[in-house]
Structure formats: structure tokens, C-alpha cells
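S.K.: Below you'll find the structure I mean.
Every number in this text was worked out from the coordinates using simple rules, so none of it is lab data. Not measured: the values here are computed from a predicted model. Neighbour counts are summed over all protein chains in view; Cβ atoms, including those assigned to glycine, are modelled from backbone coordinates with ideal geometry.
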Amino acid sequence: MVDIEFRPLGLGGPQVSTIGLGCNNFGRIGTATEDQKGTNALISEAITLGVTLFDTADMYGGAPGVSESLMGVALHGHRDSVFLGTKFGHDGVDMGIAPGAPKGSRAYIREALEGSLRRLQTDRVDLYQMHTPDPQTPIEETIAALDELVDEGRVIHYGHSNFSADQIDAAAAAGRFVSSQNEYSLLARNIEADVLPAINRNHLGLLPYFPLQNGLLTGKFTRTEHPVDSRIMRQRPHIAENAPWDVLEAYEAFCDARGITMLEATFGWLLAQPGLSSVIAGTTKPEQLRQNAAASTAWKPSSEEIARVSAIFD
């Protein structure tokens, strides 16, 4: 059994598992979690392993709301065992609620939460995250609405996602956000310039998404061999075809020299980054989740090794 590790979500925040379960693929046709049976199996395995952080959104799944609905059934009898996060207000998806209301407004947030609570079959969300910034609504109004929900006990903590450095600073000055979710991996390090420093100076917990870059950082793909049954090769084959193979092969050589896998090195490097609370890794199969859980504790890199890995991808 893997000994899952835990960290605080932000300064003095709640303890969460350092590996989180990303739930975007629940209900997607062609995945192992396309139906209730597969979703139940994966969530049961996560709970057995000791993974506590579950991350979804109102628009996740094969259609908006599907991921939350599948999770609501799968979590029957287990709600108190997990730290449940969801999101509202993605600027690219119409959820059909609060017509005309900006997605950071009080009216929108309250109606969005009602829908999420209903689908998730719960009375509270542990981490309610603003999915994308809303330029139409002052952040103070958004925070006031979230604070109301905290006071009502229906939201325990709140965070944001995809904010810029300036937006992170403004939000921190006005409210009590605990986390920031941003794309971050060895192949996507743009946030290191200004977003990551903003996250750290405001004592937020970083929750990176796409940490494995669709499997490119796991060692499952090579320049000449791509798993033909993988979801990526079925849906987005260009990701593997256009990958930076010279860089990835140098990374593989680094790992081979140390007797570790690329998956172990990827988790080890991420978890060594300042302010990082939990790695949100999407998966659909229990065996993949077990591999991720084992990898999350397998390699504790030295500062020199962290620098060498970073240099490979510079």
C-alpha cells in the first residue's frame, strides 16, 4: 500500500493529499469512466489509496454537469472521506443559469452552487473555485458572494483558476482565497515568470493541472511508439506527433541514469516546487491511479537534481 503524503492547501489551510484526482473525463465516451460503473471503480480505488482531493467543475464531463452527477452517486457513503473541489464560471461554457448575469456576480455564483450541490448530492463544497476571471464583475463583489456562502456553511474554502499575477494580487488583497489552479508542468512553465511568485507571496496553495501533459511526461510515449489504445491517440494524435522528442529523450536518459521512471521524476520535480500543494492528475483507470500514487512518493530530488531537470526543459 502506498503511503499517501499530505500538505496544507495554502498557508495554514486544510491538509490535502499531494496527489489529487482530476475528474474532467468522467462521462466522456470512450474512457473507462464513461459510465457510473467505471466512475464508481475509480473513486473507490482513490479512497482506498488515501487520495482525498477530488477536483471537478460544473462544466466537466461528456457534457456540462455529467462529471458532478457521476461523482454524486459514486461518493454515497464516502463524502466525509474526501476534500471535494468544484468550479464555476468558465468563460467558454454556457451552463444555462442566471441569464444575463456576469459569471462572477452574486446571482450567478449562488445559482451555480445550487446546481453543483444538487448534482454532487452534498450539502457543501470543500473548495469552490472561480474557473476563469470575470472582467465584468469587481472581484470584491465575487468575494462578498463567496463569503456569504462560507458563512452559510455551503462553501468551506474558495480558490481561483487561470488568474494572472495581477489578478492574484488583487484577489488576495480583497478576500481569503486559499488556492490557485494553473497549468504547470515541465512542458508548460510560463507561470514561473510572474504567476508562481504571486501565488507564493500571497501564500496560496498551487494546484497544477495538465501536470503530465496528456501522458508525454509519463514515459508511455516514445518518438516511434505511441499507445494506439490511448485516449490521446484517438482524440488528439497531434500531441504525440508534435512533441519535443529531443527534450523528452534527454529527460528519459536522466531518469534511466538514476533508476527512476519518467512518471516518478515528473511527480518528484513538481512536488519540489515552492507552494505546490497537490498535483491534479486526471485518470480513468484504477491501475493508472495506483501508478500515480506510487510515483508521487518515489523520488525526492536534491536541489541539484531539480535544477538539472529544469535545465533539460529550458
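S.K.: Spelling out what I want: for every residue of segment 88-102, take phi, set θ = phi - 60°, compute 6.51 cos²θ - 1.76 cosθ + 1.60 (Karplus), and round to whole Hz; glycine and proline get x.
M.R.: Once rounded to whole Hz, the list reads 9, x, 5, 6, x, 10, 8, 8, x, 10, 6, x, x, 7, x.
S.K.: On to the next question. Residues with beta-carbon under 12 Å from that of Phe267, excluding Phe267: net charge, scoring Lys, Arg +1 and Asp, Glu -1?
M.R.: Summing Lys and Arg as +1 and Asp and Glu as -1 gives -1.
S.K.: Moving to a separate point now. What residues qualify as long-range amide H neighbours of Leu53, i.e. H under 5 Å apart, gap of 5 or more or another chain, H built at 1.01 Å from N?
M.R.: Long-range HN contacts for Leu53: Ser17, Leu21, Phe83.
S.K.: Hey, another quick one. Under unit Cβ charges (Lys, Arg +1; Asp, Glu -1), what dipole magnitude, rounded to 20 debye, does segment 86-168 have relative to its Cα centre?
M.R.: 320 debye
S.K.: About its Cα centre, how strong a charge dipole does the chain have in debye, to the nearest 20, once Lys and Arg get +1 and Asp and Glu get -1 at the Cβ?
M.R.: Details: 25 positive and 39 negative charges, 108 e Å.
The dipole of the chain has a size of about 520 debye.
S.K.: So what is the calculated 222 nm ellipticity per residue for the chain, using -39500 (n - 2.57) for each DSSP H run with n of 4 or more, over all residues, to the nearest 500 deg cm²/dmol?
M.R.: Using -39500 (n - 2.57) per qualifying helix, the result is -11500 deg cm²/dmol.
S.K.: Related question: If you average the C-alpha positions of segment 100-134 and of segment 271-314 separately, how far apart do those two centres end up, in angstrom?
M.R.: 30 Å
S.K.: Under a Cβ-only charge scheme (Lys and Arg +1, Asp and Glu -1), can you give me the dipole magnitude of segment 1-151 about the Cα centre, in debye to the nearest 20?
M.R.: With only Lys, Arg, Asp and Glu charged at Cβ, the dipole is about 300 debye.
S.K.: Continuing with this model, one more query. Check Gln129: other-chain or 5+ apart residues with amide H under 5 Å from its amide H, H built from backbone geometry?
M.R.: Hits under the 5 Å cutoff: Thr86, Lys87, Phe88, Gly159.
S.K.: How far is helix 165-174 tilted, in degrees, relative to the longest principal axis of the Cα atoms in the chain, given as a value from 0 to 90 rounded to the nearest 10?
M.R.: It works out to around 40 degrees.
S.K.: Let me ask you something else. Where in the chain is the longest stretch that carries no GluC sites (Glu not before Pro) classed as loop by DSSP and with at most 11 other Cβ atoms within 10 Å?
M.R.: No qualifying site falls inside 1-151, the longest such stretch.
S.K.: Using Cα positions and a limit of under 17 Å, work out the lysines in reach of Lys103, with same-chain residues fewer than 8 apart set aside.
M.R.: Output for Lys103: Lys87.
S.K.: A further question on this structure: Which of the listed residues, Ile239, Tyr184, Leu206, is farthest toward the dipole's positive end in the chain, when Lys, Arg count +1 and Asp, Glu count -1 at the beta-carbon?
M.R.: The listed residue farthest towards the positive side: Ile239.
S.K.: Here is a further query. Normalising by the residue count of segment 1-103, find the relative contact order in percent from Cα pairs under 8 Å and 6+ residues apart.
M.R.: The value is 25 percent.
S.K.: Once a ≥ b ≥ c are taken as the square roots of the eigenvalues of the Cα gyration tensor of segment 258-308, is the result rounded (a/c under 1.5), prolate (a/b larger than b/c) or oblate (a/b not larger than b/c)? Spell out each step's value before the answer.
M.R.: Working: a/c = 2.88, a/b = 1.52, b/c = 1.89.
Oblate is the answer for segment 258-308, as a/c is 1.5 or above yet b/c matches or exceeds a/b.
S.K.: Going Cα to Cα from Lys220, which lysines come in below 23 Å? Please leave out same-chain ones fewer than 8 positions away.
M.R.: Cross-link targets: Lys285, Lys300.
S.K.: What shape does segment 1-130 have by the C-alpha gyration tensor, where a ≥ b ≥ c are the square roots of the eigenvalues, rounded means a/c under 1.5, and otherwise prolate means a/b greater than b/c and oblate the rest? If you can, show how the numbers build up before the last one.
M.R.: Working: a/c = 2.09, a/b = 1.33, b/c = 1.58.
Judged from the Cα gyration tensor, segment 1-130 comes out oblate (a/c at least 1.5, b/c at or above a/b).
S.K.: Now, a different point. Name the most mobile residue of Phe26, Phe210, Phe267, meaning the one with the largest mean-square fluctuation, in a Gaussian network model of the chain with Cα contacts below 10 Å.
M.R.: Taking springs between Cα atoms under 10 Å, the residue moving most is Phe210.
S.K.: Report, to the nearest 10°, how far helix 106-120 tilts away from the longest principal axis of the Cα atoms in the chain, using its own Cα long axis and a range of 0 to 90°.
M.R.: Here the helix axis deviates by roughly 60 degrees.
S.K.: Also, quick follow-up: What list of ³J(HN,Hα) couplings, whole Hz, do you get for segment 264-280 from phi and the Karplus terms 6.51, -1.76, 1.60, once you set θ to phi - 60° and write x for glycine and proline?
M.R.: Per residue, the Karplus-derived 3J(HN,Hα) values read 5, 5, 5, 5, x, 5, 4, 6, 8, 7, x, x, 6, 9, 7, 8, 7 Hz.
S.K.: Per residue of segment 33-45, what does 6.51 cos²θ - 1.76 cosθ + 1.60 with θ = phi - 60° give for ³J(HN,Hα)? Whole Hz please, x for Gly and Pro, Karplus curve as stated.
M.R.: Karplus values, whole Hz, x for Gly and Pro: 10, 6, 10, 5, 4, x, 5, 4, 5, 5, 5, 4, 5.
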